[in-house]
């Protein structure tokens, strides 16, 4: 049994130690907001926060996550009130939406560490794949979140 | 344009006060597919529209939800006529089961694209009619109650008002009476000049919140009591068969429940030589997905690679090039091409190649099925629910009236999610294990078992006169033909492969000779967002311009000089003006343009690109202008233009599917790399090209084809290197 702390709650899971955290979150615990896109940490759809750091959970064995504070998209805010979530809706960022959990988690971690990111910072830290092509609005929303927080 | 069905539309009025109980024992998400149509407290005016006793307006849509704006448009069509705010409309999934049981209550009215989730324009007039009819029924009900003429009444904010006396009644109070009204004459729907909402307001996706807080349920997220998970290994090459596999090697791995060879029934949309993926795949079923995935990866499987085991991209390329020297099927032959070529001042000749591409939606194919003796419950991210129902019925052996499809969100489609192979597989597996099963294709299976954008090799030759203008041209294209693939006896003209070379092309070039060869290979091709021959056409037009000393925009103005549709010149002028075409740029940086007609939408783009002396490409911006007639949802259209352009740019930069030893080489995003934010250009969308009239065309696909030629034409202007094949990653673009 592995003990996990996710979004402030404790979970006991019976999963093989090498099971990627992604699949434990989705299948054992039932938090399906974190997505599978590639399984090789290329696309970022599986991004969660591990001790505050954006982490691709498809490549993190659950045994290595046992002592960490994990936040998933469901825990990013109590009621969808994170500034990025609000701006994503207001600025009509998502299309199919499948990549956006991971995208928001990457963007949120960036803003937490760096309240005024440059375009290069966004390029580096929010490099998740979006097949629908919503990048222009993602970039605009991150900049606006930074501007509004600064006011 | 009013469709021929208008006169035959009979809106079946049913007044049902209460109905549709929850079936005992099923999880709540089963309930909507099962309910005897209206839920409790809903009054149906017809199968498309219900009103609750609280006055909520429910539109039942046959369009799956993939975030492409299709359902926003559906809500807007209704709201324009009903007189309500679009945000006041509740969207629910129409039931494909009900459509079957009630003799096509949706598809008979909507036509054969009713259930296709890629666009909604074919349903616009119908849904407007639904709204207009409902409005008049509600007014009639209020008029009867107030004893005033219906003509004095107004519908607004989900209520009927009588301005003269200030009386109002909410829809909820009127619904039952309205449902009983039979209009002596159905009202006319509003024409575009009467629109107050369509094209004037932008409407956000109604379910945007579910996409930012993790609550949205995609097919891959479905959880059903007692569910098992399945992972799959398909036969790796077409025509391959399963020789043997060794279940004992993995059966004892934790969580593994069953290891089986798939062996589904034949699929009618899959040609005989490609049935191997359905008949010879191997599946592991386990209590969690990772257990299944780990086991299938460890399972020893012996494949007989089959008769196409030596197929390769190089081999097919040789076959295609050999065909280029042979006369093909004639698509167009005007004037005297041979004589014109003889008399040319200058002849321009080139051969172009375009690759296989994979759709790569972020959500891999998956399906969840529960099969019992008398029903199939199905959850699948599909863009064709009718096909899903038929396939599930075929595979289960039950009638289509026993198949219940539960709505889920779709994580990208682009043409990949029509066929429902995953549905057939999930049903077969669920039957085999006697429990609900969720089948997930890995990303590797997605990449290798695709139905790709068709590839092609194209020879062009143009004759230029002394004035530098083309007076003849010859095109011979060798394409993977989807139609030949599906039907070996096909001997016709493959429109999909050839557009816009000989169709959907308004260029007036005399003495045109256009020929075609249809090919098949050992991979399948099928629908792909924006697929066609725009790259080669618009690149060669640029070559003609350069050879004749003409500006590319000026040449197109001349080529379109007699075009009947004013949209061509209007769009061309809009994009040239808005992009500041011809503005001075430093060395190594240049503009390139292209324009393509796709699905009724004329789309023109100017790309501004720089290439470093070492050959690194940077696309700075793309200006796009278009003519779809009338825009419905302006910001929705903007989003589709932005997204389609980035999709096309991703195709251009690094994407290519190749074949070696019978197998697809690529597997995941490390060797099939997609565009990321760092390389995304600024996209500027310009609406001035729209001509209105009676056109109202979809906008999702048209922005894709012009991207590749616009970028490649810019690269030529910046470096002097003409790009005749893509992706760009194949080329050394260094210059100095």
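Taken residue by residue and averaged, Cβ atoms of other chains lying within 10 Å of the Cβ of B:285-291 number 5. Computed from the C-beta positions of residue B:487 and residue B:326, the FRET efficiency with R₀ = 22 Å rounds to 0.50.
Please list B:147-157, B:526-536 highest first by mean number of surrounding beta-carbon atoms within 10 Å per residue.
Ranking, from highest mean packing down: B:526-536, B:147-157.
For the peptides B:41-53, B:239-251, the ranking by mean Cβ contacts within 10 Å, running from highest to lowest, is B:41-53, B:239-251. Determine the percent antiparallel among the DSSP beta bridges restricted to the stretch B:412-538, to the nearest 5. Within the stretch B:412-538, antiparallel bridges account for around 45 percent of the total.
Does the stretch B:508-654 classify as rounded, prolate or oblate by the C-alpha gyration tensor (a ≥ b ≥ c root eigenvalues; a/c under 1.5 gives rounded; else a/b over b/c gives prolate, otherwise oblate)?
On the way: a/c = 1.12, a/b = 1.08, b/c = 1.04.
Rounded, since a/c falls under 1.5.
Across peptide B:213-224, the average count of Cβ atoms from other chains found within 10 Å of a residue's Cβ is 6.
Test of understanding: extend the Cα→C-beta vector of residue B:557 to 7 Å, then name every residue of the stretch B:447-491 with backbone N under 16 Å from that spot. From the stretch B:447-491, the list is B:469.
Only bridges whose two residues both fall in the protein assembly as shown count here: according to DSSP, what percent of them are antiparallel, nearest 5? Display every interim value, and only then the final one.
Values: 97 of 130 bridges.
Within the protein assembly as shown, antiparallel bridges account for around 75 percent of the total.
Remark: mean inter-chain Cβ contacts per residue of B:676-684 equal 6, using a 10 Å Cβ-Cβ cutoff to other protein chain atoms.
Spacing of the modelled spin labels on residue B:248 and residue B:580, each 7 Å from Cα toward Cβ, amounts to 7.6 nm. The stretch B:541-578 and the stretch B:83-127 have Cα centres separated by 40 Å. With an a/c value of 1.5 or above and a/b not larger than b/c for the gyration tensor axes a ≥ b ≥ c computed over the alpha-carbon atoms, chain B is described as oblate. The spacing between the stretch B:129-189 and the stretch B:244-311, judged by their C-alpha centroids, is 59 Å. Compute the distance from the alpha-carbon center of the stretch B:382-399 to that of the stretch B:594-668, in whole Å. Here the two parts' Cα centres lie 33 Å apart.
In what sequence do B:58, B:602, B:429 fall when counting other Cβ within 10 Å, fewest first?
On the way: B:58 20, B:602 30, B:429 27.
Ascending number of Cβ neighbours within 10 Å: B:58, B:429, B:602.
Each label point was placed 7 Å from the Cα along the Cα-to-Cβ direction; for residue B:736 and residue B:467 their separation is 4.4 nm.
Applying a 10 Å radius around every beta-carbon, put B:715-722, B:328-335, B:540-547 in order of their mean neighbour count, most first.
On the way: B:715-722: 18.9, B:328-335: 15.0, B:540-547: 22.0.
Highest-to-lowest ranking by the protection proxy: B:540-547, B:715-722, B:328-335.
Let me have the relative contact order for chain A, percent, based on Cα pairs under 8 Å that are six or more residues apart. Before the final figure, lay out the partial values.
Numbers: 256 pairs, mean separation 34.6, N = 151.
Once normalised by length, the contact order is 23 percent.
What the Cβ-Cβ distance of residue B:302 and residue B:108 gives, at R0 = 60 Å and to the nearest 0.05, is a FRET efficiency of 0.75. Considering helices alone, the calculated mean residue ellipticity of the protein assembly as shown at 222 nm is -8500 deg cm²/dmol, with DSSP H runs of length four and up weighted by -39500 (n - 2.57) and normalised per residue.
Of all DSSP-defined beta bridges confined to chain B, some 75% are antiparallel rather than parallel. I need the shape label for the protein assembly as shown. Rule: rounded when a/c is under 1.5, else prolate if a/b > b/c, else oblate, with a, b, c from the alpha carbon gyration tensor. Rounded.
Computed from the coordinates by the stated procedures, all read-outs in this text should not be read as laboratory data. The structure presented is a predicted model; accordingly, all values stated were derived computationally and were not measured. Cβ: placed from backbone, ideal geometry, glycine included. Neighbour counts: every protein chain shown.
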